[in-house]
Amino acid sequence: MSLLLAWAWLFTLPGLLLTVLGVGRRPGAASLAGPALIAAVALGWLLGPRTPADVVLANWLPFLPNGAFHLRVDALSALMLAVVGVVSLCVYIYALAYMEEEPPSGQRRFFAFLDIFVASMAILVLAGNLALLLVGWTGVGLASFLLISFWHERPGAIGAGLQALAANAVGDAALLLAIVLLPAGCGDLLTLQTPTCVAVPGGAGLVATLLVIAASAKSAQGPLYFWLPSAMAGPTPVSALIHAATMVAAGVYLLVRTHALLAAAPTVALATAVIGVLTALGGGLASLQQSNFKRGLAYSTVSQLGYMFAGIGLGAPFAAMFHLVTHAAFKALLFLSAGLVIHARHGHEELAALGGLRRALPGAHLAFLIGSLALIGVPGLSGAFSKDAILEAAERANLLLGLALAGAVFLTGLYIGRLFFGVFYGPRPDESRVTSHESRVTSSSSPDPGLATRESRLDEPALILWPLVPLAIGAVLLGYLEWPSGLLSGLLGDTAGHAEPVRFISPLGAAAALLGLAGFALSARQSREPARERPGLPEAVEQVHATAGAASGWVGGVAEAGLGLAGRLAAVHTGQLGRYVLVSVLGIAVILLIGLRP
Amino acid sequence: MTAETLVLATSAVLLALGASGVLMRRNPVSMLMSIELMLNAGNLVLVLAARARGAVDGQAAALIVLVLAAAEAVIGLGIALALFRTRENVDVDGPAEIHG
């Protein structure tokens, strides 16, 4: 079983091949085998005797300090793979119906990209050393770019994908630096903190910093948050799978994996915690400003990932991993039910175009409500246990940060309530605002069937509705994996560090849950007022720039200077080939003269 | 004058000829031929050094350079052909007008 799990990333290849070749009547149906097998093998491993295994093919990349092809199977990777497998299986089934309006070639392309993503994600999770981790790391980044830009003919889709690529490049570069910086033989993810391996200029602090930068880029933390909201240009199943449940959690996974290194660098750990807390607060505030349904949820993901980072930074990697698992369930549920709304409303994502859909879409309404309550952390639901674990750890380690995190739950309630009540209750959308350019469907026989039948039920296809069920069950029940039995922490053992016993509700957690519910209730009142158009955070920053004038301040000055220098340097490129050759020959002559000087 | 000096001198002359050809010609085909001359000047020295050391690594390097030269000539001629098709003359300074 262990060996089977180690090579689980290969399971996606047959499906990928069949999908690309166009075998089968329904494009993409063949791809279902990959995630189903991965989920089955990972869950089977977790239920079985749980023998850890290492597959090492030495000297795979001999020019790296540790260039072995190293697959590691242990409780942490199996748990993460189970999450990836189950969520991707739900999303695959969902996407079969969601992408039905695409042409068959587009559907095949979509599922092929998804397969590439799942394979890369499995490599990332199973990697035992940094070299193989980087392979999966860049692979998921590439798949993310391809899927964000899936509707490449739409304005902004390519740009959004490039933003993700740019942010990921920062992370990849940091990871690569860490790989080549380590002394020979080092690079195993579990032994990075040993004295021989941190014997580099800068020590453990530098290596930990590089890993935290890499993780921040992948998990949209701190200043590298910007790509995740833009990533919502992709299809909604992609947003649920890659940009909510699994890929963006890879940064958290990496830091949990290497938590011993972070423990050896307390300053970096504290900085990570501060970044996490600030991102949790900032993401919540930014979500309140969004006029787009999915972007609002994206900032919620940014904020929740901030909680996980804070948990890791404050020395509670198990709490972060626990929150990762529950967050995967309830955030995927939120995104998929949001997709159900968007699908039923034919591609309309603007909050102004949505509203009063409670009776029209009862399934989506229920699923979104469960997801919201789990996100806020209503006691008894999964999110409460994991968030409580983080809050308790934060309270122990740093009371100020703990209080800030608990306060951020108020924002959580506020923003998710704003989305929930805005979409399902709220006033009816102003019909003049519902413009057709957002519409994804090409059938324009009736003006907009969604508007005409708002009072009656809208279409909720079974294939779209059923994948929500396991996720909803997970969002409610996943917390009982840990409470009261401590099953999950026993399972993970020391792969996720020392775990404090989780309580049903801690005082701080209770206060946070009350705050969250207060925010939720407050937004219910506010949603009765018509929604105002508010700019998103990047747009707001742009507006500030525009009003302040680009040349004012040192930022503008630097930009101007850079542009001026570039303009002057561009004059070197005359396009006269002869001149280039002359300069080259003269340059070589100078080098030779200097080099050959006796 | 020993054989080595003779070969080195030949190589130097070839290199100078090639360099001046690249500098002065405006026809891409002539420029490519001049580059081949320079590459072969380098090859001569490589082979000579290999012989002097009694090893074959220099000769292997010379073979690689030959292959590289062939590949480069193919690309260069392809560009020259594309240029000629679109502009009816093959002056290499002609396309300078497309620079940004």
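The values are calculated or read from the model by the stated rules, or taken from the named source; none is laboratory data. All of these numbers come straight from a predicted model, not from anything done at the bench. Heads up, the Cβs are rebuilt from the backbone with ideal geometry, glycines too, and the neighbour counts pull from every protein chain shown. Calculation scope for accessible area: heavy atoms of the full protein, side chains included, ligands and nucleic acids excluded. Shrake-Rupley method; radii C 1.70, N 1.55, O 1.52, S 1.80 Å.
Some notes on this structure:
- Residues that are surrounded by 22 or more Cβ atoms within 10 Å (Cβ to Cβ) and among the polar types (S, T, N, Q), drawn from the range A:1-42: A:12, A:19, A:31
- The number of residues in the range A:12-60 that are under 19 Å from residue A:71 (Cβ atoms), among the hydroxyl-bearing types (Ser, Thr, Tyr) and under 24 Å from the mean Cα position of the chain (by Cα) comes to 1.
- Verdict on residue A:125 being buried (at least 21 other Cβ atoms within 10 Å of the Cβ) and part of a helix (DSSP H, G or I): yes
- Scanning the range B:72-100 for residues that are out of contact with any Leu (no Cβ under 9 Å at 6 or more places or on another chain), open to solvent by less than 50 Å² (accessible area, probe 1.4 Å) and away from chain A (no Cβ under 14 Å) yields a count of 1.
- Qualifying residue in the range A:43-62 (condition: closer than 30 Å to residue A:344 by Cα and open to solvent by less than 10 Å² (accessible area, probe 1.4 Å)): no
- Filter result (open to solvent by 10 Å² or more (accessible area, probe 1.4 Å) and either within 8 Å of the chain's Cα centre (by Cα) or not hydrophobic (A, V, I, L, M, F, W, C) (or both)) within the range A:234-262: A:259
- Summed over the range A:567-596, residues that are among the charged types (D, E, K, R) and under 29 Å from residue B:90 (Cα atoms) total 1.
- Near pairs, Cβ below 8 angstrom, 6+ apart or cross-chain, from the range A:283-299 (over 21 Å from residue A:404 (Cα atoms) and in contact (Cβ under 8 Å) with a residue 60 or more places away in the chain) to any residue that is basic (Lys, Arg) and outside any helix (DSSP H, G or I): A:290/A:534; A:291/A:534
- Positions within the range A:561-575 being open to solvent by 60 Å² or more (accessible area, probe 1.4 Å) and facing chain B (nearest Cβ under 9 Å), in sequence order: A:573
- Odd one out for residue A:485, checked against (1) open to solvent by 50 Å² or more (accessible area, probe 1.4 Å); (2) at pLDDT 80 or above; (3) touching a helix residue (DSSP H, G or I) at 6+ places or on another chain (Cβ under 7 Å): (3)
- At least 1 residues being of a type in the set (Ser, Thr, Tyr), under 27 Å from residue A:523 (Cβ atoms) and out of contact with any strand residue (DSSP E or B) (no Cβ under 8 Å at 6 or more places or on another chain) is the threshold, and among the helices (runs of 4 or more DSSP H) wholly inside the range A:210-322 those reaching it are A:227-230, A:236-240, A:266-287, A:293-313.
This table checks each residue for (1) open to solvent by less than 60 Å² (accessible area, probe 1.4 Å); (2) within 14 Å of chain A (Cβ to nearest Cβ); (3) on the phi < 0 side of the Ramachandran plot.
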{"position": "B:19", "(1), (2), (3)": "yes, yes, yes"}
{"position": "B:23", "(1), (2), (3)": "yes, yes, yes"}
{"position": "B:28", "(1), (2), (3)": "yes, yes, yes"}
{"position": "B:32", "(1), (2), (3)": "yes, yes, yes"}
{"position": "B:41", "(1), (2), (3)": "yes, yes, yes"}
{"position": "B:49", "(1), (2), (3)": "yes, no, yes"}
{"position": "B:52", "(1), (2), (3)": "no, no, yes"}
{"position": "B:57", "(1), (2), (3)": "no, no, yes"}
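- Criterion (under 27 Å from residue A:371 (Cβ atoms) and open to solvent by less than 10 Å² (accessible area, probe 1.4 Å)) met by exactly one of A:230, A:219: A:219
- Check on residue A:512, touching a helix residue (DSSP H, G or I) at 6+ places or on another chain (Cβ under 8 Å) and either at pLDDT 85 or above or surrounded by 10 or more Cβ atoms within 10 Å (Cβ to Cβ) (or both): yes
- Test: residue in the range A:357-366 that is among the small types (Gly, Ala, Ser), open to solvent by 10 Å² or more (accessible area, probe 1.4 Å), more than 17 Å from the chain's Cα centre (by Cα) and within 17 Å of residue A:412 (Cα to Cα): no
- Residues of the range A:395-421 satisfying the condition of being within 12 Å of residue A:524 (Cβ to Cβ) and open to solvent by 20 Å² or more (accessible area, probe 1.4 Å): A:414, A:418, A:421
- Subset of the range A:185-209 [assigned to a helix (DSSP H, G or I) and open to solvent by less than 10 Å² (accessible area, probe 1.4 Å)]: A:207, A:208
- Condition check for residue B:62: surrounded by 14 or more Cβ atoms within 10 Å (Cβ to Cβ), within 14 Å of chain A (Cβ to nearest Cβ) and of a type in the set (Gly, Ala, Ser): no
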